Amino acid sequence: MDRIIIRGGKRLEGKLPISGAKNAALTLLPCALLTDEPLTLRNLPRLADVDSFGHLLNQLGVSTTVEGSRPDEFGRVMTLRAASISSTVAPYDIVRKMRASILVLGPLVARGGEATVSLPGGCAIGMRPVDLHLRALEALGAELEIASGYVRATAPDGGLKGGTIRFPFVSVGATENALMAAVLAKGTTVIENAAREPEITDLAKCLIAMGAEIEGLRTDTLTVHGKERLHGATYSVMPDRIEAGSYACAAMITGGSLELTGARRETMPSIVSGLEDAGGIIEDVPGGIRVSADGAIRPLSISTAPFPAFPTDMQAQFMAMLTLAKGTSLLTETIFENRYMHVPELNRMGADIEVRGRAAIVRGVEKIHGAPVMATDLRASMSLILAGLAAEGETQVARVYHLDRGYERLEEKLQAVGADIERASDG
Ligand code: EPZ
């Protein structure tokens, strides 16, 4: 396994390119199942999860071709074609490694009338059930059978039928599965209490490019007028708002200034306001935003919640930044039940964080020091990288395969703006 070694204390300055969004890519890829024509996705990030999803789609009969890109380029162009579906089974050994595999469920049932998908099970940050995904499909007429850790969904004769889906609380993935199922259902579907994350809007815009008819984009009520079939399209993945927010924290924690090329302010409103409340200066620049530290980091009180509120995927990164704030911060994680695994590792670096249930009290310290630490999940790993950038001395982050799931060529991007960071293989 690889490790990342950082010698902290360097002020980061310069331009840093933001890649295509992981959480948009993982819901755009299964759209290929909804048509027998080619779907070309541009600005696809080079990430382990994107590769895994491509392999899963190959197993279902989707051909994938990647246009070559220069080694110094970020992102790729992938053309996917599901001329026919050769399998409707998403096996446990794939789903257990990548939960987003559940997003083939809706498209498979919509396209071919059936799907057998392993239930993903829990993960490091929580139980993460998929009951809302299943209820959404049932609302469109699917019959479900759960046995031996798999769910088998079958559409009635004649296919899925439009209906009303009312989510009791916001679920990004369930909204995505519902949308991808509804676009080929007969009649109109209304999705109430839909997630409003920018990745949902990106999905809807891609489906519309493929011929779908969807109203209510960016709102919590989506109306879908089902079509007989969809056609191919070329669509560009939106920039990653969480990657942009993560590197913004790198600028703040090192007292630096980074121009995040490709970042879109309108996709990260609460991240930007959080950075400004912490004392950051956010400026619009051509094609992106510049984030600059401006003196001491100010303490914050933040609760995670669905978009447009502060995203759970930024909680660990903000916590790393706030370990050095002039004062005490309060973070409250309301989405996942176990998303504080970065806390013990940050405390080993000299941070002063106390977890009480869903709340984390972060007492700012003068400095943190490098240490050998271990990544436990994707965003926790990034918080350790951020702490290492500011720590005195050397930090070694083990199990960086977590990072490779969500951050494209992280050490290259950070080296280019002055970080003393490298990857070492444990052989
Ligand atoms: C997506 O996960 C993201 N992943 C997550 O990002 C992100 O943290 C999450 O949305 C919240 O924004 C991808 O897009 C691939 P949810 P998802 O359904 O869809 C519960 C990252 O770091 N729930 O909105 O799985 C669930 O347990 C990852 O990039 C049910 O109870 O999240 C959670 O408590 C981590 N039943 C809450 O809802 C369901 O059927 C929100 O989950 C579905 C979800």
Please report the antiparallel percentage of the DSSP beta bridges confined to the chain, to the nearest 5.
70 percent
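Roughly speaking, what is the stretch gain from ILE146 to GLU228, that is 0.36 nm per residue apart minus the C-alpha to C-alpha distance, in nm to one decimal? Walk me through the intermediate numbers first.
Values: separation 82, 0.36 × 82 = 29.52 nm, distance 2.86 nm.
The ILE146-GLU228 span can extend by a further 26.7 nm.
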Packing-based order for 217-225, 408-416, using average beta carbon neighbours within 10 Å, highest first:
408-416, 217-225
Mind giving me the nanometre distance, one decimal, between the label points for SER303 and ASP36, set 7 Å out from Cα along Cα→Cβ?
5.2 nm
Hits among aspartates and glutamates - C-alpha to C-alpha of LYS326 under 14 Å, sequence gap 8 or more where chains match:
ASP277, ASP294, ASP352, GLU366
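Can you give the calculated 222 nm mean residue ellipticity of the chain, where each DSSP H run of n ≥ 4 adds -39,500 (n - 2.57) and the sum is split over every residue, rounded to the nearest 500 deg cm²/dmol?
Helices in the chain give a 222 nm mean residue ellipticity of -8000 deg cm²/dmol.
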Magnitude of the charge dipole, the stretch 143-291, Cβ model with Lys/Arg +1 and Asp/Glu -1, debye to 20:
340 debye
Considering Cα pairs under 8 angstrom that are at least six residues apart, work out the relative contact order of the chain and quote it in whole percent.
21 percent
The percentage of the accessible area of the chain (probe 1.4 Å, all protein chains present) made up of carbon and sulfur atoms, to the nearest whole number, is 50 percent
Using a Gaussian network model of the chain with C-alpha springs under 10 Å, which one of PRO107, PRO156, PRO239 is most mobile by mean-square fluctuation?
PRO156
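Sorted by mean Cβ packing within 10 Å, highest first, what order do the peptides 200-207, 177-184 take? Walk me through the numbers on the way to the answer.
Numbers: 200-207: 22.8, 177-184: 28.4.
Output ranking for 200-207, 177-184: 177-184, 200-207.
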So for the pair ARG358, LYS97, with labels modelled 7 Å out along Cα→Cβ, what separation do we get in nm?
3.4 nm
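With N set to the number of residues, divide the alpha-carbon radius of gyration of the stretch 216-313 by 2.2 N^0.38 Å and report two decimals.
Details: Rg = 16.8 Å, N = 98, 2.2 N^0.38 = 12.6 Å.
The value comes to 1.34.
For the chain, what is the accessible area per residue in Å², given a 1.4 Å probe and the full set of protein chains? List each step's numbers first, then the result.
Working: 15850 Å² over 427 residues.
For the chain, the solvent-accessible area averages 37 Å² per residue.
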Packing-based ranking, highest mean first, of 280-286, 245-251, 322-328, 11-17 given that Cβ atoms within 10 Å are counted
245-251, 322-328, 11-17, 280-286
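For the stretch 76-160, go through all pairs of different Cα atoms, get the mean of 1/r, take its inverse, and jot down that Kirkwood value in Å.
Values: mean 1/r = 0.0739 Å⁻¹.
Here the Kirkwood hydrodynamic radius works out to 13.5 Å.
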Projected onto the charge dipole of the chain (+1 at Lys/Arg Cβ, -1 at Asp/Glu Cβ, origin at the Cα centre), which of VAL343, PHE169, THR254 gives the Cα projection farthest towards the positive end?
VAL343
Positive-end residue of GLY232, ALA185, LEU137, charge dipole of the chain with Cβ unit charges:
LEU137
Find how much the distance from ALA296 to THR328 grows on full extension, using 0.36 nm per residue of separation minus their present alpha carbon separation; answer in nm with one decimal.
10.2 nm
To the nearest 0.05, the calculated FRET efficiency linking GLN415 and ASN338 through their beta-carbon distance, R0 being 35 Å, is 0.60
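Would you mind working out the magnitude of the charge dipole of the stretch 88-225 relative to its Cα centre, with +1 at each Lys and Arg C-beta and -1 at each Asp and Glu C-beta, to the nearest 20 Debye? Working shown, then result.
Details: 13 positive and 15 negative charges, 42 e Å.
Taking the Cα centre of the stretch 88-225 as origin, the dipole is about 200 debye.
Work out the length of the dipole vector of the chain about its Cα centre, built from +1 on the beta-carbon of each Lys and Arg and -1 on the beta-carbon of each Asp and Glu, and round it to the nearest 20 debye. Don't skip to the end; give the middle numbers.
Working: 44 positive and 51 negative charges, 33 e Å.
With Lys and Arg at +1 and Asp and Glu at -1, about 160 debye.
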Where is the GNM fluctuation largest for the chain (alpha-carbon springs, 10 angstrom cutoff): ASP72, ASP36, ASP240?
ASP72
Rg/Rh over Cα atoms for the chain, Kirkwood Rh, comes to 0.98
Can you give the FRET efficiency to the nearest 0.05 for LEU217 and MET1, using r as the Cβ-Cβ distance and R₀ = 41 Å?
0.50
Out of ASP352, ASP157, ASP377, any idea which swings most in a Gaussian network model of the chain, alpha carbons joined below 10 Å?
ASP157
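Of LYS97/LYS205; LYS97/LYS227; LYS15/LYS97; LYS205/LYS227, which ones are farther than 22 Å apart at the Cα?
On the way: LYS97/LYS205 28 Å; LYS97/LYS227 33 Å; LYS15/LYS97 33 Å; LYS205/LYS227 15 Å.
In this structure, LYS97/LYS205; LYS97/LYS227; LYS15/LYS97 lie more than 22 Å apart at Cα.
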With Cα coordinates, the longest principal axis of the chain makes an angle with the long axis of helix 172-182, in degrees rounded to 10, of 20 degrees
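The values are calculated or read from the model by the stated rules, or taken from the named source; none is laboratory data. A quick note: this is a predicted structure, and the numbers were derived from the prediction, not measured. In this analysis, Cβ positions are derived from the backbone assuming ideal geometry, glycine residues included, and neighbour counts consider all displayed protein chains. Areas reflect the complete protein model, heavy atoms only, side chains present, ligands, DNA and RNA absent. Shrake-Rupley method; radii C 1.70, N 1.55, O 1.52, S 1.80 Å.
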